[in-house]
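First the structure, in the form of structure tokens, and then the observations on it.
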Amino acid sequence: MAKNCNSNNQRLFNNNTTGNGDCGCGATDVCLNPQCGDPKVLNCLSPVIYDEVGVNVCQTIPLPEGFLADYPTAYYATAEVIDITLDAAEGEDETTVTPIVTRPNCYEVTLTNLSVDFAIKLYDYNRRLLATLSLPDITYLPSDTDAPGYDSETNPTSTTLDIFAPYGISYVDGDLTEPLLNVIGFTDTNNTVCQGLNLMALPKVLDFEATDSDITIGLTLLCNCVYFNAYRIQHDGKANASRGSLVTEDDSVRMEFVEGSLLDRNIKPLELCNPGDVKNPNANDSINNCE
């Protein structure tokens, strides 16, 4: 019968129990007597970019019929990338992620047939926003040389990036045959960062002529390798949010609260204290005394 490396169950405690010398906390069980004081640094778990590489592509896109029909005064336009779909149509090449045999810490990312969804904002001559319109399913890096928008120099069939990923990459549902290239966009399903490889796009409208019914959009495609790491961050206290005010002549207690300062969690990290008793805010109980 196999034995565990450690046959006895051991309970582990936080050994950082020296406390903050400035406030008189001694070496105690941190679970029963939390450390007190105002920490000069905070521990943060942050996504860190280990490597990043980008490429620029561009194409002129014919606008759908009637796209500008309701906005005859449109003069300027900007673009935002909402989503990028990596799944190509049947029979077309797809974006791939493969390890480089001779370079075990690197991966080869080949981008092709990227289906990009844009949000196009139209402005008049005085730069007043007229509308935000959807321009979906625009293919960048088309694998078919006969596809609209293909150009051997500005929008080729594919581009290959080598990226350093020393701690590995993520996989779809843990399936090692499906490496994940996470797309960071602006929908409720793709606006998060993933450990491993991430892809995002920054667009720029290079030319827009309402009379020509087309728009030229350049894309910077950024692929990065991200891992989460814990860091100690210096800080100058909590951020203060700006408060909006209601205009009214009501002078009730409710209005006094509405016009007053925003509520905040006043207990500092690692400070032993209770929120306080609403019914008796002047209670002199030592556990409530945070001042």
Requested in this report: Identify, by number, the condition in (1) open to solvent by 50 Å² or more (accessible area, probe 1.4 Å); (2) under 18 Å from Gln59 (Cα atoms); (3) touching an Asp or Glu at 6+ places or on another chain (Cβ under 6 Å) that Ser115 doesn't meet.
Outcome: (1)
Query - Residue list for the range 216-234, restricted to those being of a type in the set (A, V, I, L, M), open to solvent by 10 Å² or more (accessible area, probe 1.4 Å) and over 19 Å from the mean Cα position of the chain (by Cα) - result: Ile233
Requested in this report: Six or more apart or on different chains, Cβ under 8 Å: which pairs go from a residue in the range 53-70 that's in a loop (DSSP other than H, G, I, E, B) to one that's of a type outside the set (Gly, Ala, Ser) and at pLDDT 90 or above? Could you list them?
Outcome: Leu63/Leu135; Leu63/Asp214; Leu63/Ile215; Pro64/Leu135; Phe67/Leu133; Phe67/Leu135; Leu68/Leu122
Query raised in the report: Applying the selection to the range 24-64, what residues are modelled with pLDDT of 90 or more and acidic (Asp, Glu)?
Result: Asp51, Glu52
Report task. Please work out if Ser213 is more than 22 Å from the chain's Cα centre (by Cα), on the phi > 0 side of the Ramachandran plot, among the polar types (S, T, N, Q) and modelled with pLDDT of 75 or more. Result -> yes
Requested in this report: Go through (1) free of Cβ contacts under 8 Å to residues at least 60 places away in the same chain; (2) open to solvent by less than 60 Å² (accessible area, probe 1.4 Å) one by one and return the number of the condition Ser152 breaks.
Outcome: (2)
Query raised in the report: Out of all the residues in the range 163-208, which are without any contact (Cβ under 8 Å) to a residue 40 or more places away in the chain and exposed (fewer than 13 other Cβ atoms within 10 Å of the Cβ)?
Result: Val172, Asp173, Gly174, Asp175, Leu176, Thr177, Glu178, Asp188, Thr189, Asn191, Thr192
Query raised in the report: Does the range 58-73 hold any residues that are surrounded by 14 or more Cβ atoms within 10 Å (Cβ to Cβ) and out of contact with any Asp or Glu (no Cβ under 9 Å at 6 or more places or on another chain), and which are they?
Result: Phe67, Leu68
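The values are calculated or read from the model by the stated rules, or taken from the named source; none is laboratory data. Worth saying up front: this structure is predicted, and the values here are computed from it rather than measured. Every residue, glycine among them, receives a Cβ derived from its backbone with ideal geometry; neighbour counts consider all protein chains shown. In case anyone asks, the SASA skips ligands and DNA or RNA and just uses the protein heavy atoms, side chains included. Shrake-Rupley method; radii C 1.70, N 1.55, O 1.52, S 1.80 Å.
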